[in-house]
Structure formats: C-alpha cells, structure tokens
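K.L.:
Just passing along the structure, written as structure tokens.
The values are calculated or read from the model by the stated rules, or taken from the named source; none is laboratory data. In this text, all values refer to a predicted model and were calculated from it rather than measured experimentally. Glycine gets a Cβ as well: all are built from the backbone with ideal geometry, and neighbour counts include every protein chain shown.
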Amino acid sequence: MNFTNSQIYSDTLPSIEDVVLKPISKQYIKIILIHKFLMYAMFFAMLIFGKFFAQNQVFQDYFWVLLLIICLFCAANLTVALLAFRTYKYAIREHDIIYAQGLIFRSITTVPIVRIQHIEESRSWLSRQFDLATLNIYTAGASGSDLIIKGLEHQEARRINDFISGRINGDKSIF
C-alpha cells in the first residue's frame, strides 16, 4: 500500500453556500417575544419600584431619563431579535448537520454525523404550547452540547433525531 498525500485545491471543494438551509419554525418567534417581554417587564417593574420607593433624590431627578434609556434599549433589543430570527437556519445532509445564525456576526456550525456521540430532544413548557422542540447535539470531548437547534417543529425534531440516531448506530437505510 502506497501512502499518498495529494494537494487539494480549495476551489474544487464543495461550497457551503450551495446548501439550501431551512428556516426554523415561525412559531419560535412567539417564544422569543414572550421571553423578551418578560425581561422588559422586569426592567420596567424595577424602575417603577424605584420611582415610588427610592429615597435617593438623584434617582428621582433622572427617572425620566432612565425610562427613556430603557425604552430605547428595549426597542433596539427587540428589533435585533426580530431581525436575527430570520437568520436561524439549518440543513441535514448525508454526512453532517449545518446550523447558521447571526445578524451582526454570522456563524455557521457544521457537525459531522460520525462525530456525534448522542442527541437529545428537549421541550420546555412554553415550547410544548407551540408544538416546538430543541435538539441538543453532543460530540466527543465536549462538556456541553456542541450544537443546539431551537425552534424546530416537534415532528421535524423527532424525524431528525431518528435519522441521526440511526446513522450513529450504523443504520444506512434511513437515508
């Protein structure tokens, strides 16, 4: 057997841009909005609490400025969250899983199926209300999950879980 180590030119490699990524469920935006509005409610509750119970005159003097700053922060945060939602996409290929996200900083994560140790499907109470699930994908050597895909429709998450589990266990007929 002869050892070869031929050079591979980068222009001959397949491009990840050619992969058609599937967006996560539109129902997930409702969960994002609920989380955001709960966070905003806490900010406003603390501010209102401070307005009525704080004895600090500086706080009282700058209450409206703080309120304006918090309103601007919440509006910007909500806008970024809504725009970023459109970037959450994934693809399942024969040998790997691709997950893309990010509005300002674009991130594309690719996990080879042969490196996956196990996969978990989780559903919070809120996710169950919208029939959604999260897939946590673990590879060897990592202390936590290497890839988390949130906002999948439950049946889609189940199919992906079954496909990956089958591939991990050597069942090639699933594909």
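K.L.:
Restricting to region 11-38, name every residue that is loosely packed, with under 10 Cβ neighbours inside 10 Å and either at pLDDT below 85 or in contact with a helix residue (DSSP H, G or I) (Cβ under 6 Å, 6 or more places away or on another chain) (or both).
P.N.:
Answer for region 11-38, where residues must be loosely packed, with under 10 Cβ neighbours inside 10 Å and either at pLDDT below 85 or in contact with a helix residue (DSSP H, G or I) (Cβ under 6 Å, 6 or more places away or on another chain) (or both): Asp11, Thr12, Leu13, Pro14, Ser15, Glu17, Asp18.
K.L.:
Can you tell which of Ser124, Ser107 is without any contact (Cβ under 8 Å) to a residue 60 or more places away in the chain and more than 13 Å from the chain's Cα centre (by Cα)?
P.N.:
Checking each option against the conditions leaves just Ser124.
K.L.:
Can you tell me which residues in region 42-80 are of a type in the set (Gly, Ala, Ser), surrounded by 11 or more Cβ atoms within 10 Å (Cβ to Cβ) and closer than 30 Å to Ile149 by Cα?
P.N.:
Passing the criteria: only Ala75.
K.L.:
While we're on this one: What number of residues in region 81-101 are without any contact (Cβ under 8 Å) to a residue 24 or more places away in the chain, surrounded by 12 or more Cβ atoms within 10 Å (Cβ to Cβ) and not β-branched (Val, Ile, Thr)?
P.N.:
Qualifying residue count, region 81-101: 3.
K.L.:
Any chance region 60-76 includes a residue that's within 27 Å of Glu94 (Cβ to Cβ), within 22 Å of the chain's Cα centre (by Cα) and not assigned by the TED database to the domain that holds Thr110?
P.N.:
So far as region 60-76 goes, no, none of its residues is within 27 Å of Glu94 (Cβ to Cβ), within 22 Å of the chain's Cα centre (by Cα) and not assigned by the TED database to the domain that holds Thr110.
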